[in-house]
Amino acid sequence: MNVLKYMSVVAVVCLIGLTARPEDKPDYAKFIVGKWKVIKAAPDTVPEGTIIEFTKDGKLKASVKKGKNTETFEGTYTLDGDKLKTKVGDKERETITIVKISETEMSTKDEDGKEVVLKRTK
C-alpha cells in the first residue's frame, strides 16, 4: 500500500514538472508597438512626459516638451531580443535594454544603468 502512495506522489510530481517551465520571454516586437509616455526617468536621460510612438515598420516619433515648446523627432528603431537601438537623423543612439515590458508598462536601462519607465497611452 505504501508503494502505491509513493508511486502516486511521484507521478504527480512528474506531471507538475512537465507542465512547469521557466517564464516565457515577452514578445518585445509585439508589445513595443504603440504610444508610450515617460513617467519616470533618471537624470540625463529623456525628460518625463515625453511621448514616444513605435510603429510596426520600425519607425519612431518622439514629442519632447521643453518649457512651453514641444519638439518632435522622427527616427527608426530595431529590436534584437530585449536590446533596443534607435536612430534619429544620422545619429545612432546607445543600445537600451528592455528590462520589463507588458501591455501597459515598459522599463528600460541604458548602458550606464540609468532607468526610464514608460506607460502605454494608446
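The values are calculated or read from the model by the stated rules, or taken from the named source; none is laboratory data. Note that this is a predicted model, so its numbers are computed, not measured. All Cβ positions, glycine included, derive from the backbone under ideal geometry; neighbour counts span all protein chains shown.
Mind checking whether some residue in segment 28-51 is without any contact (Cβ under 8 Å) to a residue 12 or more places away in the chain, exposed (fewer than 13 other Cβ atoms within 10 Å of the Cβ) and of a type outside the set (Lys, Arg)? No: zero hits. For ASP57, are the conditions met, namely being over 16 Å from the mean Cα position of the chain (by Cα) and modelled with pLDDT of 95 or more? Yes; evaluated as a whole, the condition is true for this residue. Applying a threshold of 9 Å to beta carbon distances and a minimum spacing of six or more residues, or different chains, the list of pairs starting in segment 52-79 at a residue that is aromatic (Phe, Trp, Tyr) and ending at one that is surrounded by fewer than 10 Cβ atoms within 10 Å (Cβ to Cβ) and modelled with pLDDT under 95 reads PHE73/GLY89. Residue selection: LYS25 fails the criterion of being of a type in the set (Lys, Arg) and at pLDDT 95 or above. Assess whether SER107 counts as being at pLDDT 90 or above, among the hydroxyl-bearing types (Ser, Thr, Tyr) and surrounded by 14 or more Cβ atoms within 10 Å (Cβ to Cβ). Answer is yes for this residue. Among the residues here, LYS37 does not qualify as farther than 15 Å from LEU118 by Cα, among the charged types (D, E, K, R) and out of contact with any Asp or Glu (no Cβ under 7 Å at 6 or more places or on another chain). When residues in segment 53-99 are screened for being of a type outside the set (Ser, Thr, Tyr), closer than 18 Å to GLY34 by Cβ and not in a strand (DSSP E or B), 4 of them pass.
In this structure, is ASP82 at pLDDT 95 or above and either of a type in the set (Asp, Glu) or surrounded by fewer than 12 Cβ atoms within 10 Å (Cβ to Cβ) (or both)? So ASP82 passes the test. Condition check for ILE51 on (1) in contact with a Ser or Thr (Cβ under 6 Å, 6 or more places away or on another chain); (2) of a type in the set (Val, Ile, Thr); (3) at pLDDT below 95: one failure, at (3). Residues in segment 100-113 that are in a loop (DSSP other than H, G, I, E, B) and either over 21 Å from ASP44 (Cα atoms) or among the aliphatic types (A, V, I, L, M) (or both): SER102, GLU103, THR104. Within segment 60-91, the set of residues being within 18 Å of the chain's Cα centre (by Cα) and closer than 17 Å to THR121 by Cα comprises LEU60, LYS61, ALA62. When THR97, THR121 are screened for being of a type in the set (S, T, N, Q), on the phi < 0 side of the Ramachandran plot and touching a residue at least 60 places away in the same chain (Cβ under 8 Å), only THR121 passes.
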